[in-house]
Every structure is written in structure tokens, then in C-alpha cells.
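K.L.:
Handing you a structure now.
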Amino acid sequence: MVLDVNALARRLDEARLSGREVERLTLEFPDLTLEQAYRIMDAGIALRRERGERDAGLKMGLTSEAKRQQMGLGAPIYGVLTEAMRVRGSFSMAGTLHPKIEPELAFHFADGLRGGPTRAEALAACTGVCAALEILDSRYRDFKYFSLPDVVADNASSSHFVLADAWTDAAGLALGDVELAMSIDGVVLQRAKASAISGDPLLSVVQLCALLDDRGRALPPGSLVLAGAATVAEPLRAGQTVSLHVPPLAPVRVAITP
Ligand code: 0L1
Ligand code: MG
């Protein structure tokens, strides 16, 4: 079977737009490589750009050991965020498949980052950090049992993201020590230190730069980076209110509507 990157990207794009699950790609292409999967992801993002979506930044996925064990998958990956994925205040379940939400930190890089920066260089380039929630919604049937290339081709399961209203200067913070507490309807369901994100959330940014550099790319100016989840994700249902507290950062909250 010939691998048609653009056709597979269209298949996943249509699944997202129609709210209909598709079979994971490795059922048809068992030898799908990670690089082929990233090319399918790129082609899917190109479709979104053709429809007028503007890039917002990048996300790291599978950054916590808890998450990797939940998914049975072994290594961090990245995906692309567009402004159309940004949610403010409320998120509608309409057209979703099996959405989940997870606690993260977002970083902003006004001038971008290129090559393989050290943690100190990433910190120096960082123009703000804030609390963030990522909403994942894999397009695959039986989404628990997929492989790394399947997840990457599906843009790392990204659906939407919510950012706190205020950015904080990262320089004065012990970033690994801040605690993320994610509540649903006022009950804390997930809690972890930010060190659960790749040992230190800025190291997740360093890893992202390495993944991009391996593919001849860099973090563009003006990018935000979701550093990855500190804990496992929680399933979403209409009527819930999800909030994330990460003192001393501003909290973030989203209401889930039908
Ligand atoms: O953000 C992430 O950790 C990407 C992997 C998600 C896999 C999933 O839960 O759909
Ligand atoms: Mg995530």
C-alpha cells in the first residue's frame, strides 16, 4: 500500500471536522515511521492554514511519566497549535469525540528560539509563563491503544487550549516546584509539581527545540509553548467547570457546555 501523506492528513482533518472517529493509521500502515507521521501532521496543519487558521505555537505531549504510563507510550512528541484552538471562558462539547482535559504550563517566546538552547537560554528567551489547560480529543476509535506515530499524525491529539488571563515573568520562579491543582466542579482531581513535566517544564521546551531542530525547524517568534501535562488527563462532560490553580500564577478556568 502506498503511503499518501496528503490523503491521510485529509482523512484525519475530515474526522475532526465531521466529529466521526477513524481507524488508527497503523492498522493500514503498520510500518508508519515517526517522521512520516510528522509529515502527515504538517500536511494536516497546512490544510488548516489554507482555511485561514493562524499559528499560535506548539505543544509538547507525553511529557509526564504518569501520562506515558496512562497511554502506554514511550517518548515526548510535539504538535502544532493554531489560534482557532484557543478557548476563552467556555468550551462546547458539540462535535467532540472523547475529549479530555489536562493541567499544563504555557510559555511565551516573543523572539522564538532556534537550535538547541540550554535551559538557561530558554529561560532568558522566555517572555512569560501562565497556567494552561489543554483539551485533547483523539480522532481515533479505541484511542487508548494507538502507537506513537498514530498520535503524532493526529497532531498529538490536540483539540483546544485555555490560557490564564495574565502572564508572569518566569525568571523569579522556582519553576519545577510550583504545584498544579486541577479541579472539576470544585474538587481537586489531579495535583502534581511542575517537575512532573519532563523534570522541569523549561526542559520540556528544550526538548521541543531539539525535536524541531532534528526536523530542520525552529520555534517561530511570537510562539506560545504548552509544555505538556503534569498529570493524567480527566474526561470532560457538559456542565462541568474545570479550574487550574498554580500559585503564584493567575488561575485558569473553563466551563464545559453541551
Ligand atoms: O498532550 C499530550 O500528552 C499528547 C498525547 C495525548 C494522547 C491522548 O491522550 O489523546
Ligand atoms: Mg497536553
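Where a number appears in this text, it was derived from the coordinates with a stated rule and is not lab data. For clarity, every value in this text was computed on a predicted model and none was experimentally measured. Cβ sites come from the backbone with ideal geometry, for glycine too, and all protein chains shown count toward neighbours.
K.L.:
Take the Cα atoms of the stretch 66-156, build their convex hull, and give its volume per residue in Å³. All intermediate terms of the calculation are to be shown ahead of the outcome.
P.N.:
On the way: hull volume 12.7 nm³, N = 91.
Here the figure is 139 Å³ per residue.
K.L.:
How large are Rg and Dmax for the stretch 100-249 when calculated on the C-alpha trace, in angstrom?
P.N.:
15.5, 44
K.L.:
Which whole-angstrom value gives the distance between the alpha carbon centres of the stretch 166-201 and the stretch 14-52?
P.N.:
31 Å
K.L.:
Sticking with this structure for a sec: Calculate, in nm to one decimal, what residue 177 and residue 10 gain on full extension: separation in residues at 0.36 nm each, minus their alpha carbon distance. Kindly include the intermediate steps, with their values, before the conclusion.
P.N.:
Working: separation 167, 0.36 × 167 = 60.12 nm, distance 4.17 nm.
My answer for the length gained is 55.9 nm.
K.L.:
Equivalent-ellipsoid semi-axes (√(5λ), Cα gyration tensor) for the stretch 188-258, whole Å, largest first?
P.N.:
Details: eigenvalues 155, 48, 30 Å².
Ellipsoid semi-axes (Å, largest first): 28, 15, 12.
K.L.:
Across 10 Å bins from 0, what is the distribution of all Cα-Cα pair distances for the stretch 151-198, in whole percents?
P.N.:
P(r) for the stretch 151-198, in whole percents per bin: 19, 36, 39, 6.
K.L.:
Follow-up. Compute the whole-percent fraction of alpha carbon pairs in the stretch 2-75 spaced more than 14 Å apart.
P.N.:
The share of Cα pairs beyond 14 Å in the stretch 2-75 comes to 70 percent.
K.L.:
Let me ask something additional. What would the Debye equation give as log₁₀ I(q)/I(0) for the stretch 150-234 at q = 0.16, 0.18 Å⁻¹, counting only Cα atoms as equal point scatterers?
P.N.:
Relative scattering, expressed as log10 I(q)/I(0), comes to -0.81, -1.03.
K.L.:
Turning to a different aspect of this structure: Take the Cα pairs of the stretch 1-129, get the Kirkwood Rh, then feed it into Stokes-Einstein at 20 °C and 1.002 mPa s and tell me D in µm²/s. It would help to have the intermediate numbers written out before the result.
P.N.:
On the way: Rh = 17.2 Å.
For these conditions, the coefficient is 125 µm²/s.
K.L.:
Placing unit charges on C-beta atoms (Lys and Arg positive, Asp and Glu negative, everything else neutral), compute the dipole magnitude of the stretch 128-258 about its Cα centre in debye, rounded to 20.
P.N.:
Numbers: 9 positive and 14 negative charges, 46 e Å.
So the dipole magnitude of the stretch 128-258 works out to roughly 220 debye.
K.L.:
Next question. Is any residue of the stretch 130-154 close enough, with backbone N under 12 Å, to a label point placed 7 angstrom from the Cα of residue 46 along the Cα-Cβ axis, and if so, which?
P.N.:
none
K.L.:
Another question, if that's okay. The stretch 118-175: D in µm²/s via Stokes-Einstein (Kirkwood Rh, Cα pairs, 37 °C, 0.692 mPa s)?
P.N.:
Values: Rh = 14.0 Å.
It comes out at roughly 234 µm²/s.
K.L.:
If you average over every viewing direction, what projected area does the convex hull of the Cα atoms of the chain give, in nm²? All intermediate terms of the calculation are to be shown ahead of the outcome.
P.N.:
Details: hull surface 49.7 nm².
Seen from a random direction, the Cα hull of the chain projects 12.4 nm² on average.
K.L.:
How much length, in nm to one decimal, is gained on full extension between residue 241 and residue 90, taken as 0.36 nm per residue of separation minus their Cα-Cα distance?
P.N.:
Numbers: separation 151, 0.36 × 151 = 54.36 nm, distance 0.88 nm.
Between residue 241 and residue 90, full extension yields an extra 53.5 nm.
K.L.:
Within 10 Å, count the other beta carbons around each residue, average over each peptide in 45-53, 176-184, and list them highest first. Spell out each step's value before the answer.
P.N.:
Values: 45-53: 13.6, 176-184: 18.7.
The packing order, highest mean first, is 176-184, 45-53.
K.L.:
I'd like the FRET efficiency for residue 189 and residue 17, computed as 1/(1 + (r/R0)^6) with the beta carbon distance as r and R0 of 35 Å, rounded to 0.05.
P.N.:
On the way: r = 31 Å, r/R0 = 0.87.
Efficiency computed from Cβ-Cβ geometry: 0.70.
K.L.:
Given Cβ point charges of +1 (Lys, Arg) and -1 (Asp, Glu) and nothing else, what value in debye, to the nearest 20, does the dipole of the chain about its Cα centre take? It would help to have the intermediate numbers written out before the result.
P.N.:
Details: 27 positive and 32 negative charges, 77 e Å.
The dipole of the chain has a size of about 380 debye.
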